[in-house]
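**Q** I have a structure here, written as structure tokens, and I will follow up with some questions on it.
Any read-out appearing in this document is the output of simple, stated calculations on the displayed coordinates, not a laboratory observation. All values derive from a computational prediction rather than experimental measurement. Using ideal geometry, Cβ is built from the backbone for each residue, glycine included, and neighbour counts are taken over all protein chains shown.
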Amino acid sequence: MSDPTSEMEWQLRKLMETAAGDPARQITIEMVRHVARRRMIAAVAAAVAVVLIGGAGAAVAARTAARQQVSATGLPSGVPRYYFEQGFTNSGDHFMSVIRATATGAVTATVRCPGQGSHLRIASIAPVGPHTFFMLCQNPPTAAVSKSRIYGFRLTSSGRVSSYFPVRGGALGTLGAYSLVATPDGSRVAVLVSPGSNGRSSPAEILVIDTRTGGHSLWLGPRKVLGKVYFGFDEASFTGNGKELAILGPARCIRGKNAPKCRSTAGEEVRAYNIAGPGGQLGQGRIVLRQSAIMPISLDYINDAIISLDGSTLTLTEVGGGGLNSGFVEVLAVSTKNSKNRRVIFKMNTGNGFSYRWFSADTLRRHFIIAAGPGRETKNGWINRGRLVPLKPNQGDDISIEAW
């Protein structure tokens, strides 16, 4: 028989293991989505425990101009003036979602899921243009999701929320969903469907929504087969035309009693799926990148990956380290045509161990936000010419996601 533990149960278990020893805090669907993982980095005298919390959002490489003009806000031209932040309150027992000014860190608005007396919480968020966001609202994480809905909101020029609106086709009922992504114009959104959600038989599914018509197309992934490599879904990103979805996830053998021998890369892969049609069977997808092609799979890991709007580039966050004081977090741009064609966008040396929380970008994927650091001293900021510009207040350990 196959392993009865579902993907979601496995993710939850890993998340609980990761959270062990930390102050009691609420766990969000988005945290589960990112597959919190406890890694061990070999040191000279002893092993070093490393916490990896996957990032929320999406980012890809874009060539930065040699000279950047500075706007009236003091930010380089094109850098979003405001960003979304979800963080812990001072008591550390629940979340607060706000809009902050990039330049100063000042809170300009509080964000919530609409509805009088609503108990929904923001589980995932996707930028749509410089002043609009889509968000996946769900009941607080429990054994079963009882309500799930996609809303949007717009910001004024001063960073205030001007209006909330239901995204057409975004009523998901009791469907457990995660990894909300959108095309730059907001005409299509996609969510990954939680394994086993609402009686689903397939462990991997993608729901695509046309926000102009409200129409749904459901794509079913392959079933798990003993002795075969199964590709799990962690992170998703659209190409610019909205016809293809790139997904990062682990490729691992499905083991069980009397299962045939199976060989796996034992690492992450990025696979691309054509989702332009009315729905159907996904198949195995096109392998865009294997972890083993760019890094040693025994020590280093890919935590986030997203495809560029034209499909030519992947931007990855690589984390790892092979010995004492060798921990690092790196942002890497890799060609989808030739993995040897790559360049480092940003690198942080984190010493003996590291922390990692998220990585995100603006809609055009030219400017990046990251939260990472040595151990529990997480630093959050945006990347400017290979340098991390701290976001104010610089409190990465108390924040679950930032996006612009």
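**Q** Using the structure shown, list the pairs from 224/337; 228/257; 228/261 with a Cα-Cα distance above 18 Å, or answer none.
**A** Listed pairs above 18 Å: 224/337.
**Q** Something else about it: Using 0.36 nm times the number of residues separating residue 287 and residue 324, minus their current alpha carbon distance, what extension gain do you get?
**A** 9.9 nm
**Q** While we're looking at this one, here's another question. May I ask you to order 101-114, 364-377 by the average number of other C-beta atoms within 10 Å around their residues, highest value first?
**A** 364-377, 101-114
**Q** Can I ask one more? Enumerate the calculated ³J(HN,Hα) couplings along region 177-188 in order (Karplus 6.51 cos²θ - 1.76 cosθ + 1.60, θ = phi - 60°), each rounded to whole Hz, writing x wherever the residue is Gly or Pro.
**A** 10, 7, 6, 6, 9, 9, 6, x, 8, x, 6, 9
**Q** Calculate one ³J(HN,Hα) per residue across region 213-218 by plugging θ = phi - 60° into the Karplus curve 6.51 cos²θ - 1.76 cosθ + 1.60, and present them in order as whole Hz with x for glycine and proline.
**A** Coupling constants for region 213-218: 10, x, x, 10, 10, 10 Hz.
**Q** Near residue 347, which lysines are there with a Cα under 18 Å away, not counting those fewer than 8 places off in the same chain?
**A** Excluding near neighbours in sequence, the set is 379.
**Q** Would you kindly derive the ³J(HN,Hα) couplings of region 325-341 from the backbone phi angles with the Karplus curve 6.51 cos²θ - 1.76 cosθ + 1.60 (θ = phi - 60°), listing them in order in whole Hz, with x for Gly and Pro?
**A** Taking θ as phi minus 60°, the curve returns 6, 10, x, 7, 10, 9, 9, 10, 9, 10, 5, 6, 8, 8, 5, 6, 8 Hz for region 325-341.
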